[in-house]
Amino acid sequence: MKTLLIGEYREGKLLESTYELSGFAEKLGAETAMLLVGDENSLPAYNGTLYLADAVTCGEYNPDLHKKLILETVQQENPDYIVFLHSSYGWDLAPRIAASLKIAQISEVIGIQDNGSFEVGACNGKMRRTVKSATSRTVVTIQAGAFTAAEPGGTPTVRKLTADGGGRLEFIGYEPAEQKEIDLAKAEVIVSAGRGVGKKDNVPVIAALAKALGGELGASRPVVDAEWIAHDHQVGTTGQTVSPKLYVACGISGAIQHLAGMKKSDFIIAINKDKDAPIGEIADVLVVADVMQFVPALTAKIAR
Amino acid sequence: MKLLVCVKQVPDLESRFKPDAAGVWYNETDLAFRMNEYDEYAVEQAVQLREKLGEGTELTVLSIGPDRVVETIKKALAMGCDNAVHVQDVAASGKDSWQIASIIAAYAKDKCFDVIFTGMQSQDRGSAQVGVTIAEQLGFACTTTIVGFDYDNGTITAKRELEGGIKGVVKLKIPALVTCQLGLNIPRYPTLPNIMKAKRKEIVVIPVADMLKEEALVATGSFHPPAKKGGGIVLEGDVADLVEKVLAILKDKTAVLR
Ligand SMILES: Cc1cc2nc3c(=O)[nH]c(=O)nc-3n(C[C@H](O)[C@H](O)[C@H](O)COP(=O)(O)OP(=O)(O)OC[C@H]3O[C@@H](n4cnc5c(N)ncnc54)[C@H](O)[C@@H]3O)c2cc1C
Ligand SMILES: Nc1ncnc2c1ncn2[C@@H]1O[C@H](COP(=O)(O)O)[C@@H](O)[C@H]1O
């Protein structure tokens, strides 16, 4: 069995997450080759064939050109699996490859079954599915953090790739993340509000608990998108990554993108009216209650 | 110009999910359905573009599914879409992303759409494939996960959201497809007059058999709850009791209460 691993660069630097692809291949028990559109000066520690194209000429985000490079390499290597991270780069490119080859794509894989099936999430992480490819070659995207990165080591055998032709997208440039006025990474206690708090008017109730515990106010994404709480309070893959001594999740379901930002917290208390909410999988304590009843009652006791 | 927005109807994610008889998807009994959250942003962006372009621009909403999806189509009409297409398919949940995309591409093929909007992913299946696959099948330029959208004279300027909140700015020429991310805009609530108006708009019904020529490429083995990891404590009951228990735990297990 053979995998072609498609790693990632951002602003000239290899992304560490690339090693998770090797972790996946190891778990699958498959041989690997790797393809990177990146930079010779930032190569992975990797023992194997590395197809390398230059991001300066090919662009870091140029799906048409990257697709062409990948399809050429697939011809060379004949892999059974073409593996991406389920990331802004991977979910953008993977379906283009699958459609071009008219082969199956299995998205956001979290586990490998003995019978050649893969486990994926469903219903915002509340449920699981096992799925199987019906084609002889398969495109896979793996969930960030689901496969332990292999111990990096070795020096790749580099095969240079070149591509010409522009591609239909013109990449203008990166825009840095918004300036943060608060650095949640330093907080020892974070109390976060999710959509379950119901409305903007209820946010002060959550903020009061944060204050009583001497902590900061965090937020899930919908609360930020709805402008109930400022963006710099957002926890998660597209917000801040935090690891406080105590994290209190109020009315947060526990979507993977939120968990990725807070699961390393020392102690997690979740308040949710739904006993089956996925946050329960990582919480040390799941309080099954209405946030607007429980939180003020708890704050009152602490404040006294 | 001609615009298309694709919407999926999904169950309320706060529901309890149970496997269906075949054990491959959820049982629909007792579930309430609504518009896929990502698609609300797609509809809003499409409506905003339609308003900006004004007369002579037509915005069509399309959804594949059983008759219940008409409710979601009506919501999109009430938000400001002009025309509607319901690809009627009682077995839509059994189709894979390749088939769903193929149905939409087959419909769009000879309609000369300039811009197609989809959600970045559906909340129940979450494949994040359908949009990009439609674009591939139609030969459209495409970009994904957008949190910013601007259109001027045949060119879209889109802001893609990347990990850590960084953004990537790209330009693409129409015909193009974009997949919409949460927070792209603030989706409007349909007003009562618009809801009434939407009721009178015609919805074109097309049987799925007329549109689907493709076999599935992925098969589902089972649909099931995650294996319980255990470890955590679940507290239930009276609020006053819960407060006492949590206070005790905070004192015992964390250093935050002195
Ligand atoms: C590429 C990408 C990046 C993303 N990045 C992030 C990110 O950085 N951070 C992030 O948070 N999300 C992110 N998301 C969104 C994520 O997928 C979820 O949509 C989001 O985390 C859900 O937020 P929530 O838990 O507050 O809301 P919901 O999922 O709607 O959950 C609300 C919860 O509140 C509970 N509830 C409702 N009412 C009450 C009540 N009265 N009392 C108690 N509980 C109640 C419900 O049972 C439910 O569990 C991202 C998504 C994508 C696709
Ligand atoms: N049954 C459907 N009908 C119409 N559009 C759909 C359907 N399923 C998926 N889509 C569109 O494709 C997007 C991505 O879905 P998915 O690939 O399932 O994650 C959704 O946000 C919708 O815009």
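For A:Ala303, the requirement of being hydrophobic (A, V, I, L, M, F, W, C), out of contact with any Pro (no Cβ under 7 Å at 6 or more places or on another chain) and surrounded by fewer than 19 Cβ atoms within 10 Å (Cβ to Cβ) is met. Residues in the range A:190-209 that are free of Cβ contacts under 8 Å to residues at least 60 places away in the same chain and either within 16 Å of ligand 2 (Cβ to nearest atom) or surrounded by fewer than 22 Cβ atoms within 10 Å (Cβ to Cβ) (or both): A:Arg195, A:Lys199, A:Lys200, A:Asp201, A:Val203, A:Pro204, A:Ala207.
In the range B:27-67, the qualifying residues are those that are under 24 Å from B:Gly183 (Cα atoms) and part of a strand (DSSP E or B), and the one that is nearest to the chain's Cα centre (by Cα) is B:Met35. For A:Pro296, state whether it is within 7 Å of ligand 1 (Cβ to nearest atom), modelled with pLDDT of 95 or more and surrounded by fewer than 24 Cβ atoms within 10 Å (Cβ to Cβ). It is false that A:Pro296 is within 7 Å of ligand 1 (Cβ to nearest atom), modelled with pLDDT of 95 or more and surrounded by fewer than 24 Cβ atoms within 10 Å (Cβ to Cβ).
Within the range A:198-227, being within 15 Å of ligand 1 (Cβ to nearest atom), closer than 17 Å to A:Glu181 by Cα and away from every other protein chain (no Cβ under 11 Å) holds for A:Leu217, A:Gly218, A:Ala219.
With respect to the conditions (1) without any contact (Cβ under 8 Å) to a residue 40 or more places away in the chain; (2) more than 7 Å from chain A (Cβ to nearest Cβ), B:Pro190 lacks only one, and its number is (1).
The residues in the range B:46-78 that are crowded, with 18+ Cβ neighbours inside 10 Å and either within 14 Å of another protein chain (Cβ to nearest Cβ) or away from ligand 2 (no atom under 15 Å from the Cβ) (or both) can be counted, and the count is 3. Screening the range A:113-142 for residues that are touching a residue at least 24 places away in the same chain (Cβ under 8 Å) and of a type in the set (A, V, I, L, M, F, W, C) and picking the one that is farthest from the other protein chains (Cβ to nearest Cβ) gives A:Ile142. Note on the range B:114-139: residues that are near ligand 2 (Cβ under 6 Å from one of its atoms), outside any loop (DSSP other than H, G, I, E, B) and in contact with a helix residue (DSSP H, G or I) (Cβ under 7 Å, 6 or more places away or on another chain) amount to 3.
Against the list (1) in contact with a Ser or Thr (Cβ under 8 Å, 6 or more places away or on another chain); (2) of a type outside the set (A, V, I, L, M); (3) surrounded by 16 or more Cβ atoms within 10 Å (Cβ to Cβ); (4) outside any helix (DSSP H, G or I), the condition B:Gly23 fails is (3).
Every residue in the range A:226-264 that is of a type outside the set (S, T, N, Q) and within 16 Å of ligand 2 (Cβ to nearest atom), please.
Matches in the range A:226-264: A:Ala255, A:Ile256.
Of the residues making up the range A:108-137, just one is closer than 18 Å to A:Gly23 by Cβ and polar (S, T, N, Q), namely A:Gln113.
If you go through the range B:161-180 and keep only what is of a type outside the set (A, V, I, L, M), facing another protein chain (nearest Cβ under 9 Å) and under 24 Å from B:Gln137 (Cα atoms), you end up with B:Lys171, B:Lys173, B:Thr179.
Taken across the range A:34-51, residues that are away from ligand 2 (no atom under 16 Å from the Cβ) and facing chain B (nearest Cβ under 10 Å) do not occur at all. The test for being in a helix (DSSP H, G or I) and either within 16 Å of ligand 2 (Cβ to nearest atom) or over 30 Å from A:Ser88 (Cα atoms) (or both) holds for A:Ala297.
Listed by position, the strands (runs of 3 or more DSSP E) contained in the range A:164-266 that have at least 1 residues being within 21 Å of the chain's Cα centre (by Cα) and over 29 Å from A:Asn62 (Cα atoms) are A:189-193, A:216-219, A:246-250. Scanning the range A:61-77 for residues that are in contact (Cβ under 8 Å) with a residue 40 or more places away in the chain and not β-branched (Val, Ile, Thr) gives A:Tyr61, A:Asn62, A:Pro63, A:Asp64, A:Leu65, A:Lys68, A:Leu69, A:Glu72, A:Glu77. State yes or no: is A:Phe171 crowded, with 21+ Cβ neighbours inside 10 Å, aromatic (Phe, Trp, Tyr) and closer than 30 Å to A:Ala45 by Cβ? Against the criterion (crowded, with 21+ Cβ neighbours inside 10 Å, aromatic (Phe, Trp, Tyr) and closer than 30 Å to A:Ala45 by Cβ), A:Phe171 does not qualify.
The residues of the range A:229-261 that are away from chain B (no Cβ under 11 Å) and either more than 10 Å from ligand 1 (Cβ to nearest atom) or of a type in the set (D, E, K, R) (or both), listed by number, are A:Ile229, A:Ala230, A:His233, A:Val242, A:Ser243.
Scanning the range B:39-72 for residues that are more than 16 Å from ligand 1 (Cβ to nearest atom) and under 26 Å from B:Val24 (Cβ atoms) yields a count of 11.
Quick check: is even one residue across the range A:159-170 over 30 Å from B:Ala176 (Cα atoms) and without any contact (Cβ under 8 Å) to a residue 24 or more places away in the chain?
no
In the range B:89-111, the residues that are without any contact (Cβ under 8 Å) to a residue 60 or more places away in the chain form Cβ pairs under 9 Å with partners that are within 16 Å of ligand 1 (Cβ to nearest atom) and among the hydrophobic types (A, V, I, L, M, F, W, C), at six or more places apart or across chains, as follows: B:Ile100/B:Val130; B:Ala101/B:Val130; B:Ala101/B:Val132. Being more than 7 Å from chain B (Cβ to nearest Cβ), away from ligand 2 (no atom under 16 Å from the Cβ), closer than 30 Å to A:Asn272 by Cβ and within 18 Å of the chain's Cα centre (by Cα) is the requirement here; does A:Ala146 meet it? So A:Ala146 fits the description; yes.
The values are calculated or read from the model by the stated rules, or taken from the named source; none is laboratory data. Since the model is a prediction, treat every value here as computed from it, not as a measurement. So basically every Cβ, Gly included, is an ideal-geometry build from the backbone, and we count neighbours across all protein chains shown.
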